[in-house]
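**Student:** Structure incoming, see below.
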Amino acid sequence: MENKAATEEPLLVPRPEHTAAAEAKRLLSLAGPLVASCILQNVVQLVSVMFVGHLGELPLAGASLASSLANVTGFSLLAGMASALDTLCGQAFGARQYALLGVYTQRAMLVLALACVPIAVVWANAGQILVFIGQDRDIAAEAGAYSRWLILGLVPYVPLACHIRFLQTQSIVVPVMVSSGVAALGHVLVCWALVFKAGMGSKGAALSSAISYSFNLSMLALYVRFSSACKRTWTGFSTEAFRDLLRFTELAIPSAMMVCLEWWSFELLVLLSGLLPNPKLETSVLSICTRVSNELGAGEPQAAKLATRVVMCIALSTGLLLGCTMILLRNFWGYMYSNEPEVVTYIARMIPVLAISFFTDGLHSSLSGVVTGCGEQKIGARVNLSAYYLAGIPMAVLLAFVLHLNGMGLWLGIVCGSLTKLVLLLWITLRINWEKEAIKAKETVFSSSLPIA
C-alpha cells in the first residue's frame, strides 16, 4: 500500500547552492575513507594468498585458483546482490525515508543468505569441478581443499557486506574504514597463527578469512545498534523484511550481473592461465595481478550531475598517481607474494600493463557508480557483457594462445575490454536526463510497501 503520509511531504528541500568546489570537498571527505575501506576489505583474501605464497609455488597456485573460483561463483555474486542497497538505501536516505534503510538491509541479508546454499555446494565440490574443466590435477586438489575451508567465511560475509552498504549510503564511512583496518591488521596475526604456528598451511589461510570477517561484522553490528548516527535508520529487526523479497531480488539480480560480468572476466584470466604451458607460474602471477543515489533520492538532479563531473576528475587524478607509483615500484611488488625469482621477475614485467588497467578501472568504476545510483543496473550489465565478453576475453584468448603472449596477452586483452567499457559508459552518462532520473527515484522510494508515518 502506498505511503500517503510520506508522499504528502515535499521531496524538494531547499539546500545550499551546489558548487564544484563544495562538491569536491564533500566527495573527497567520502572518497578517502571509502577507498581505504575498499582496500582494507580486500586485504583479507589478499593477505591469505600472500601467506600461502610463502609455502611454495603449488600451494600458491592452488589458493589462487580457489580464490578465483570463490570470487566467480560466490563473493562476486553476493557483493553484486548487496550493491542493490546502493540504489535503494541511497535514494531512500536522500528522500529522508530513514526507516526504509534498515528494512532494505534486512531483506538483503535474507535474500543473500538463500543464495549461499548453492554457492556452498559448488565450493564443496571445487576440486572435481576444476579437474572437469581441464585444470592441472595437483593444483585442483590444492584448490579444492582451500575452497572447502572458505565455506565458513560465507556465514559472516553476507551480513558484513549488507552492513557496509547500509552505512556507506548514509555517508557513514569512517567507522567502516576503522573496522576494516582493525580487521585487516588482526587478519595478519590470525593468518600467521593458523598457517605457521598451528601448522594448518593453506587451510589455515582459508579459515582465517571467516575469523576476520566475523570480527569486522561484530564491530559494525555494535556500531549500528548503539550509535546515535543510526538511530533513525536502524530501528531493530522488523517483519517487514520478509515482505517484497521478490521485488528486492528483481533489482539484486541485475545488480549482481553488473558486478559479476566484470569480476568474472578478470577471474577467467586466472582459469585460462591454468591452461598455459607453465600453469603454476601463470596462475600464481595473474592471481596477484555514492554520492549519486543520495542526490537523486533528494530530488537534486543537478547536484547528481555535478557530483558525476567532480568524481571523474578525482578518479583521473588518483588513477595517474596510482599508475605511476605501481610502475616506479614494479621491481618490489613480487616479493610481497613469493620468494620465487621467476614469479618476481614476471610480475615486474606485468606491472606497466596492470597500471594501465588500474587507471581505466578507476574511471569506469566511477561511471558505474552513476549507473547504479540511477538504478540502471540492467544497462550496466549489458555494458559489461559487451565490453568484456565481446571484446576483452576474445582479444585475451587471441593474444595469449594464438600470438603466444601467454599471461601478458591475457591481461592486455582485458585492458581492451576495460577501455571499451569506459567509452560505452561515457556515452551513456552524457545522455542521462537528470531531471527524469530524479522523478524516477522519487517514485521508487515512495512506492515502498512499508507504512511509515
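The values are calculated or read from the model by the stated rules, or taken from the named source; none is laboratory data. Keep in mind it's a predicted model, so treat the numbers as computed, not measured. Please note: Cβ atoms are built from the backbone with ideal geometry, for glycine as well, and neighbour counts cover all protein chains shown.
**Student:** In the stretch 117-154, what residues are assigned to a helix (DSSP H, G or I) and among the small types (Gly, Ala, Ser)?
**Tutor:** Within the stretch 117-154, Ala120, Ala124, Ala126, Gly127, Ala140, Ala141, Ala143, Gly144, Ala145, Ser147, Gly153 meet the criteria.
**Student:** Taking the stated definitions as given, is Ile428 in contact with a helix residue (DSSP H, G or I) (Cβ under 8 Å, 6 or more places away or on another chain), surrounded by fewer than 23 Cβ atoms within 10 Å (Cβ to Cβ) and outside any helix (DSSP H, G or I)?
**Tutor:** no
**Student:** If I ask for residues that are surrounded by 20 or more Cβ atoms within 10 Å (Cβ to Cβ) and part of a helix (DSSP H, G or I), which ones from the stretch 187-202 would you list?
**Tutor:** If the condition is that a residue be surrounded by 20 or more Cβ atoms within 10 Å (Cβ to Cβ) and part of a helix (DSSP H, G or I), then His187, Val190, Cys191, Leu194, Val195, Ser202 are the ones that fit.
**Student:** Related question: Can you name every residue in the stretch 121-136 that is surrounded by fewer than 19 Cβ atoms within 10 Å (Cβ to Cβ) and either β-branched (Val, Ile, Thr) or touching a Leu at 6+ places or on another chain (Cβ under 9 Å) (or both)?
**Tutor:** Listed by number, the residues that qualify are Val121, Val122, Ile129, Val131, Ile133, Gly134.
**Student:** Ok, one more. Among the residues of the stretch 155-163, is there at least one that is of a type outside the set (Ser, Thr, Tyr), part of a helix (DSSP H, G or I), at pLDDT 95 or above and surrounded by fewer than 18 Cβ atoms within 10 Å (Cβ to Cβ)?
**Tutor:** Yes, because at least one residue in the stretch 155-163 is of a type outside the set (Ser, Thr, Tyr), part of a helix (DSSP H, G or I), at pLDDT 95 or above and surrounded by fewer than 18 Cβ atoms within 10 Å (Cβ to Cβ).
**Student:** Looking only at the stretch 225-241, how many residues end up being loosely packed, with under 14 Cβ neighbours inside 10 Å, under 18 Å from Gln97 (Cβ atoms) and not polar (S, T, N, Q)?
**Tutor:** Residues meeting the conditions: 2.
**Student:** So, one more: Out of the stretch 413-453, which residues are at pLDDT 75 or above and small (Gly, Ala, Ser)?
**Tutor:** Listed by number, the residues that qualify are Gly413, Gly417, Ser418, Ala438.
**Student:** Could you list, in sequence order, all residues of the stretch 373-406 that are within 25 Å of Val353 (Cβ to Cβ) and outside any helix (DSSP H, G or I)?
**Tutor:** Across the stretch 373-406, the qualifying residues are Leu403, His404, Leu405.
**Student:** I'd like to check which helices (runs of 4 or more DSSP H) are fully inside the stretch 214-318 and have at least 2 residues that are within 19 Å of the chain's Cα centre (by Cα), at pLDDT 70 or above and under 21 Å from Leu426 (Cα atoms).
**Tutor:** Where helices (runs of 4 or more DSSP H) fall fully within the stretch 214-318 and carry at least 2 residues being within 19 Å of the chain's Cα centre (by Cα), at pLDDT 70 or above and under 21 Å from Leu426 (Cα atoms), they are 245-273.
**Student:** Moving on. Could you please let me know if Val445 is out of contact with any Ser or Thr (no Cβ under 8 Å at 6 or more places or on another chain) and of a type in the set (Val, Ile, Thr)?
**Tutor:** yes
**Student:** Would you say Ala95 is within 13 Å of Thr169 (Cβ to Cβ), buried (at least 19 other Cβ atoms within 10 Å of the Cβ) and more than 22 Å from the chain's Cα centre (by Cα)?
**Tutor:** Answer is yes for this residue.
**Student:** Which one is nearest to Gly373 (Cα to Cα) among residues in the stretch 69-113 that are charged (D, E, K, R) and modelled with pLDDT under 90?
**Tutor:** Top of the filtered list is Asp86.
Rundown of residues vs (1) out of contact with any helix residue (DSSP H, G or I) (no Cβ under 8 Å at 6 or more places or on another chain); (2) closer than 17 Å to Leu419 by Cβ; (3) surrounded by fewer than 20 Cβ atoms within 10 Å (Cβ to Cβ), yes/no style:
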{"residue": "Pro341", "(1), (2), (3)": "yes, no, yes"}
{"residue": "Tyr346", "(1), (2), (3)": "no, no, no"}
{"residue": "Pro352", "(1), (2), (3)": "no, yes, yes"}
{"residue": "Ile356", "(1), (2), (3)": "no, yes, yes"}
{"residue": "Phe359", "(1), (2), (3)": "no, yes, no"}
{"residue": "Val370", "(1), (2), (3)": "no, no, no"}
{"residue": "Gly375", "(1), (2), (3)": "no, no, no"}
{"residue": "Ile379", "(1), (2), (3)": "no, no, yes"}
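**Student:** Which one of these does Glu57 not meet: (1) touching a Leu at 6+ places or on another chain (Cβ under 8 Å); (2) modelled with pLDDT of 80 or more?
**Tutor:** Condition (2) is where Glu57 drops out.
**Student:** Something else: Would you tally the residues in the stretch 195-205 being among the aliphatic types (A, V, I, L, M) and either modelled with pLDDT of 95 or more or in contact with an Asp or Glu (Cβ under 7 Å, 6 or more places away or on another chain) (or both)?
**Tutor:** 0
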